[in-house]
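Q: First, the structure itself, so that you have it in front of you.
The values are calculated or read from the model by the stated rules, or taken from the named source; none is laboratory data. Quantities reported herein were computed from a predicted structural model and do not represent experimental measurements. A quick note on method: Cβ atoms are made from the backbone with ideal geometry, for glycine too, and the neighbour counts reach across all protein chains shown.
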Amino acid sequence: MRGRRALKSAGALGLLAMGATACSGEASRLGMPEPISAQAERMLHLWQGSWIAAFAVGAVVWGLIIWAVLFHRKRSDDLPPQVRYNMPIEILYTAVPFVIIAVLFYFTARDENYVERTSKNPAVTIDVIAFQWSWQFDYKERDSTGQEKTVASVVGQPVAPNAPAGPKPVMTIPSDRSVRVRLHSNDVIHSFWVPALLYKKDVMPGYTNEFEFTAKKTGTYEGRCAELCGVDHSRMLFQLKVVTPDEYAKFIADSKAKAAGGAQ
Ligand SMILES: [Cu+2]
């Protein structure tokens, strides 16, 4: 029975290694970007839980395969004992996958509800208009009568993939504030994607898709269109710039002042 004991300890070691990497550092993300929002963190944890479950199932399956290969090699031409229609095994085959799927479903539904949650009064509302082949960011505010108006607008143009930061349109948002993004398109389907948010959403003509998030880390993050939308799709780049709430207020005030100056 030395083989069985060796298999057991190998499995335990594998699980331990997985658990250790899941708790700390870059390796635990398996190449995923560092999450910058509360919602993105939740998404990453959902993935990590799924990976652990998948590796655990994998370890059991690999163990069974190796065990069968080592201990059930063909030794003679006699047919080995057959175990078809063994009720306990049949029930196990059915019940275990059902439990696995039920657990994955529960956590996925729970986290999807959290990530897709929108609030009544987000701190910032931005209309994102995707077009062939760039982005427009319209910052919305309500005046005293409750009427919505654009207080700042950024319109981009297609840029070369290796262009410096300058020509890319920048979507500026405050950290630690809820940001509502409303996605619009007047031509074809695009997709709003910021890898650091671990989230993307299609931009549909004739339908407004919305989502909300709260960024927790200041910095500049790359964004792009993730739906093949025409010849210059790959040049449809932008940046998400997360600044402090004070810097954001200044950005909006500057835009308002510029608009007022331009109107004179
Ligand atoms: Cu596009």
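Q: Testing Leu240 on (1) surrounded by fewer than 14 Cβ atoms within 10 Å (Cβ to Cβ); (2) under 12 Å from Val170 (Cβ atoms); (3) of a type in the set (A, V, I, L, M), one condition comes back false. Which one is that?
A: Here Leu240 meets the rest and fails (1).
Q: Here is a check on your reading of the model: is Pro167 away from the ligand (no atom under 16 Å from the Cβ) and not assigned by TED's automatic domain parsing to the domain that holds Met32?
A: yes
Q: Can you say whether Asp187 is under 17 Å from Val128 (Cβ atoms) and in contact (Cβ under 8 Å) with a residue 40 or more places away in the chain, as far as the supplied structure shows? Outline the logic, then answer.
A: On the way: under 17 Å from Val128 (Cβ atoms): yes; in contact (Cβ under 8 Å) with a residue 40 or more places away in the chain: yes.
Answer is yes for this residue.
Q: Any residue in the stretch 71-99 that is aliphatic (A, V, I, L, M) sitting within a Cβ distance under 8 Å of a residue that is part of a loop (DSSP other than H, G, I, E, B)? List the pairs, counting only those 6 or more apart or interchain.
A: Cβ pairs passing all conditions: Ile89/Val83.
Q: Residues in the stretch 95-134 that are surrounded by fewer than 17 Cβ atoms within 10 Å (Cβ to Cβ) and outside any helix (DSSP H, G or I): how many?
A: The number of residues fulfilling the criteria is 7.
Q: Inside the stretch 224-240, can you point out the residues that are in a strand (DSSP E or B) and either more than 9 Å from the ligand (Cβ to nearest atom) or at positive phi (or both)?
A: Leu237, Phe238, Gln239, Leu240 - these are the residues of the stretch 224-240 that are in a strand (DSSP E or B) and either more than 9 Å from the ligand (Cβ to nearest atom) or at positive phi (or both).
Q: Looking at Gly31, Gly49, Gly58 in this structure, which one is under 30 Å from Leu240 (Cβ atoms) and in a helix (DSSP H, G or I)?
A: The conditions single out Gly49.
Q: To continue, here is another question. Touching a Phe, Trp or Tyr at 6+ places or on another chain (Cβ under 9 Å), more than 16 Å from the ligand (Cβ to nearest atom) and not in a helix (DSSP H, G or I): is that true of Thr145 in this structure?
A: no
Q: Out of curiosity, is Val159 hydrophobic (A, V, I, L, M, F, W, C), at pLDDT 95 or above and assigned to a loop (DSSP other than H, G, I, E, B)?
A: When the stated conditions are applied, Val159 does not pass them.
Q: So, one more: Against the definition (surrounded by 17 or more Cβ atoms within 10 Å (Cβ to Cβ), among the charged types (D, E, K, R) and touching a residue at least 24 places away in the same chain (Cβ under 8 Å)), how does Lys168 come out, yes or no?
A: Considered against the rule, which asks whether it is surrounded by 17 or more Cβ atoms within 10 Å (Cβ to Cβ), among the charged types (D, E, K, R) and touching a residue at least 24 places away in the same chain (Cβ under 8 Å), Lys168 comes out as yes.
Q: Specify which of the listed residues (Lys258, Lys217) is away from the ligand (no atom under 12 Å from the Cβ) and either assigned to a loop (DSSP other than H, G, I, E, B) or not assigned by TED's automatic domain parsing to the domain that holds Phe131 (or both).
A: Details: Lys258 fails: either assigned to a loop (DSSP other than H, G, I, E, B) or not assigned by TED's automatic domain parsing to the domain that holds Phe131 (or both).
None of the others qualify; the one that does is Lys217.
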